[in-house]
Amino acid sequence: MSPERGPPRVLAIVVPALPLQRVLRERPPAGALAVVSEGIVRHAAPPALAAGVRPGDSLVQARAACAGLEAVPLDGAADRGALRALAEALLSLSPVVEVAYPDAVLLDAAGARLAGSEPAASERALAERALGLCLDMGFQGRIAVADGKGVALALARHAGRERTRAAPGEGARALAPLSLDALDLPSEVVRWLSAVGVESAGALAALPAETLAHRFGAPGAAAGRLSRGIDPRPLVPFAPETFPHERWDLEDEVGVLESAEPVLFAAKRLADRVAARLAGRGLGASRLRLTLFLDPRGQERVDLPLARPGADAAPWLAPLRERLAGLRLPAPVRALDLAVVEAAEVPVEQLAVGDRPEAARALEVALSRLAARLGERSIFAAETADRHRPEAAYRAIPFRRGGASRGAGPGPGPGDVSPDPPTGRPTRLLDPPRPIVALGEGGRLTAFRIDGTLRSVLSLAGPERLAGEWWNEPFERDYYRARLEGLGEAWIYRDGRDGRLWLHGLFD
């Protein structure tokens, strides 16, 4: 039996023992550790298993088997938050992602942002990318691709393989050898089916659909459809509600004065995860906050303004190192938390021939380091203002590089920095202007003496008269554009009040 319309192709990624993996991803490799709830071991790390600890043991039994066992309480809220963090990162692969508590994330495989020559190759590539992203986020997962989310979830959880793919229409065959536990049936349905000798999904699929519907109602009918590989339910889209943050607990307390390297190593790990989560949402961080938790109490917050919103962690590390190098902490660091404070949408950029994205990244790193060292307000751009006096004909605005690519769309908008100065104006003004002396022979200007150095005049154009501001500090100047030997293009003016000459700017 097949539905009139094929069910959606779904990729399910399951994180086995999620509570344990969530604890381990937030700290260095641990020794004997177990996740405990109500005095019962729910999950145990490999060293604890090797010592004889087993899930289901009481905490007393577990500590009798392993005297050095560290018991970590089960934290359902933190586990759900970790699963949402993984879903957030996976949004970079598919526009529709569903969080399937308690341990899985579902993706719309048909709508994934991957191109393949044929569906099977595209789905294999998607599975590979999803597993890699899962590892980057600190989890080990199992993946299945199948028709419908129920089939994909059952295969990911119970097929026993890292990767499973059921071709379209082959869901029932893939499910057939699995036990009834794979179908997530109500306990009373499982008891009745076991009593009549039905132990597998294949055996359940062989029963008449009317019998299951009559005996168990809607749950029985749904179980029968699922065993036959039919699950037309759509995915429920996941929408993150807050900016991402990630935490790391240090194995030993670290004094930043002694060495900032362990803190930087942990911060890089957190930055990579935060960046992956931002990329999934098409956002870029414009301000980060690193919180250092001190031992035994207290904390230090480090704000990190970024030159340009981005979801690449690499440019964040250099300014972070600058800030950490200047810290003087009263106590060692025991944990750190990296959070996004401000973010903005980051459009996809189309590079053109001749663009150098590596130069743009280097500029972003340099500006972020300057902001971290000198303060955010020390980095600004100049925007032309409607004022007559040249040295006052600008106003400071926040620096934002006006598009990394010439092929990235429209030109600079408000607040963007144009690479070209106004026509006839120098790219660099000298503050204060430097006094110069004119030299000549036969009534002809031949050179200027500037800072004790004689500069021959190669060409001279002008004058351009600028005057005004009679109500405040009146000025009257005749400006000349001169090409000087060894100095290049220069902007020179004669002060109309006393006739003195001044070097006011240079054309780079």
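The values are calculated or read from the model by the stated rules, or taken from the named source; none is laboratory data. Only a predicted model underlies this, so the values are computations on that prediction, with no experimental measurement involved. Using ideal geometry, Cβ is built from the backbone for each residue, glycine included, and neighbour counts are taken over all protein chains shown. Remember, those area values only see protein heavy atoms, side chains included, never the ligands or the DNA or RNA. Shrake-Rupley method; radii C 1.70, N 1.55, O 1.52, S 1.80 Å.
Points worth noting:
- Remark: the chain carries 52 Å² of accessible area per residue (probe radius 1.4 Å; ligands, DNA and RNA excluded).
- The chain: angle of helix 261-280 to the longest principal axis, Cα-based, in degrees nearest 10: 80
- Length gained on full extension, Ala120 to Arg428: 105.0 nm, using 0.36 nm per residue less the C-alpha separation.
- Peptide packing for 147-158, 43-54, 441-452, 181-192 was compared via the average number of neighbouring C-beta atoms within 10 Å per residue; ordered from the highest value, the list is 147-158, 43-54, 181-192, 441-452.
- Taking every alpha-carbon pair under 8 Å whose residues sit at least 6 apart, the range 212-303 reaches a relative contact order of 15 percent.
- Mean Cβ count within 10 Å, highest first, over the residues of peptides 89-99, 467-477: 89-99, 467-477
- Taking Cα centre as origin and charging only the Cβ of basic (Lys, Arg, +1) and acidic (Asp, Glu, -1) residues, the dipole magnitude of the chain rounds to 380 debye.
- Pair-distance distribution of the chain: all C-alpha pairs, bin width 10 Å, starting at 0; shares per bin in whole percent are 3, 14, 18, 18, 15, 11, 8, 6, 4, 2, 1, 0, 0.
- By the equivalent-ellipsoid construction on the alpha carbon gyration tensor, the range 235-318 comes out with semi-axes of 26, 15, 12 Å, ordered largest to smallest.
- Accessible carbon and sulfur surface of the chain relative to its total accessible area, %, 1.4 Å: 52
- Compared with the dominant Cα axis of the chain, that is its longest principal axis, helix 76-90 is turned about 60°.
- Positive-end residue of Ala438, Leu153, Pro95, charge dipole of the chain with Cβ unit charges: Ala438
- Normalised by the number of residues in the chain, the average gap of Cα pairs under 8 Å and 6 or more apart makes the relative contact order 10 percent.
- Expressed as a fraction of 2.2 N^0.38 Å, the C-alpha radius of gyration for the range 105-200 is 1.22.
- Segments 204-210, 315-321 sorted - mean Cβ within 10 Å per residue, highest first: 315-321, 204-210
- Size of charge dipole - the range 148-212 - debye, nearest 20, with Cβ of Lys, Arg +1 and Asp, Glu -1, no other charges: 320
- Treating r as the C-beta distance of Arg389 and Glu162 and R0 as 56 Å, the FRET efficiency rounds to 0.20.
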